[in-house]
Amino acid sequence: MTILDIRLIPDPVLRKKAEKVEGPSDEIITILDDMAETMYNAPGIGLAANQVGVLKRLIVLDCSTEEEEPNLLKMINPEIITSTNEKSELEEGCLSIPEHKSNVVRPSKVEVSYMNLNGETEKLTAEGLLSACLQHEIDHLNGILFIDHISRLKRDMIIRKVKKQLRENEK
Ligand code: NI
């Protein structure tokens, strides 16, 4: 397995819409394995293919807590099919926006449909952290970042700080 480079804002690949995948080919399974390795190495709790420069509808997540067994999910073409009107607010961060966190309001509960590694369609209902994480990663596949869900003032401040940090790292 390979640890892939994680793209940071303002990389344009993070703003592109990823394309549907036909099924779990060897190539797709390798990308998902590498994405999982990259996510655990970061460490993070979710990663979308856009974040490693691949415009395919693939995500990996593991939202288990330290006390729980690892629960790695690899999803092909994930899609939110229902979401509640009830909203929840949770603090989010993103491996593509290092060192910045913000509270984000999203539907509390979602039902997601996706293709598993055997090419079968599965459904998953999630709430709490897993629900927010699924919505965050599926947003990535549509070129949407968590900072798009917060105030413009806060968003611009975060983008400015990350750009400044990147410039300083180059010196
Ligand atoms: Ni993210």
Along the positive direction of the dipole of the chain (beta-carbon charges: Lys, Arg +1; Asp, Glu -1; about the Cα centre), which of SER88, ILE158, MET39 reaches farthest?
ILE158
In this structure, among LYS20/LYS164; LYS123/LYS164; LYS123/LYS163; LYS20/LYS87; LYS109/LYS164, pairs with alpha-carbon gaps over 31 Å are LYS20/LYS164; LYS123/LYS164; LYS123/LYS163; LYS109/LYS164
Extent along principal axes [Cα atoms of the range 13-171; Å; largest to smallest]:
45, 39, 34
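Could you please report the charge total around LYS20, scoring K, R as +1 and D, E as -1 over all other residues with beta-carbon less than 11 angstrom from its beta-carbon?
Numbers: positive: LYS17, LYS56, ARG57; negative: GLU19, GLU22, GLU79.
Once positives and negatives cancel, what remains is 0.
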What is the spin-label model distance, in nm, from SER25 to THR84 if the labels are put 7 Å beyond Cα along the C-beta direction?
4.0 nm
At 0.36 nm per residue, and after removing the present C-alpha to C-alpha distance, how many nm does the segment from ASP11 to LYS161 gain when stretched out fully?
52.5 nm
If the only charges are +1 at each Lys and Arg Cβ and -1 at each Asp and Glu Cβ, what is the size of the charge dipole of the range 8-141 around the Cα centre, to the nearest 20 debye?
660 debye
From the gyration tensor of the Cα coordinates in the range 45-130, what semi-axes in whole Å does the equivalent ellipsoid have, largest first, with each one equal to sqrt(5λ)?
20, 18, 14
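Given the rule -39500 (n - 2.57) for each run of at least 4 DSSP H residues, summed and divided by the residues of the chain, what is its mean residue ellipticity at 222 nm, to the nearest 500 deg cm²/dmol? Write out the running numbers ahead of the final one.
Working: 3 runs with 49 residues, N = 171.
Result for the chain: -9500 deg cm²/dmol, rounded to the nearest 500.
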Among the helices of the chain (complete DSSP H runs), which have Cα atoms covering no less than 20 Å along the helix axis and a Kyte-Doolittle mean of at least 0.0?
128-141
Please give the residues of the range 46-67, grouped as numeric ranges, whose backbone N is less than 20 Å from a label point set 7 Å along the Cα-to-Cβ vector of GLU170.
53
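Hey, got the dipole for the range 90-171? About the Cα centre, +1 on K and R Cβ, -1 on D and E Cβ, debye to the nearest 20?
640 debye
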Cross-link reach from LYS161 to lysines, straight Cα distance under 21 Å and at least 8 residues apart if same chain, gives LYS101, LYS171
Only Cα pairs within less than 10 Å get springs; with that Gaussian network setup on the chain, which residue of ARG57, ARG106, ARG160 has the largest fluctuation?
ARG160
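For SER131, what charge total do you get from the other residues with a beta carbon under 13 Å from its beta carbon, if Lys and Arg give +1 and Asp and Glu give -1?
Values: positive: LYS87, ARG106, LYS109; negative: GLU86, GLU89, GLU92, GLU111, GLU127, GLU137, ASP139.
Here the charged neighbours net out to -4.
Kindly work out what percent of the DSSP beta bridges joining two residues of the range 1-76 are antiparallel, to the nearest 5. Intermediate results must be reported in sequence, preceding the final value.
Numbers: 7 of 8 bridges.
Around 90 percent of the beta bridges assigned by DSSP in the range 1-76 are antiparallel ones.
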Who wins for biggest fluctuation among GLU68, GLU99, GLU91 in a Gaussian network model of the chain, springs between alpha carbons below 10 Å?
GLU68
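Every number here is computed from the coordinates shown, using simple stated rules; none is lab data. All values reported here derive from a predicted model rather than from experimental measurement. Methodologically, a virtual Cβ is constructed for each residue, glycine included, from the backbone with ideal geometry; neighbour enumeration extends over all protein chains shown.
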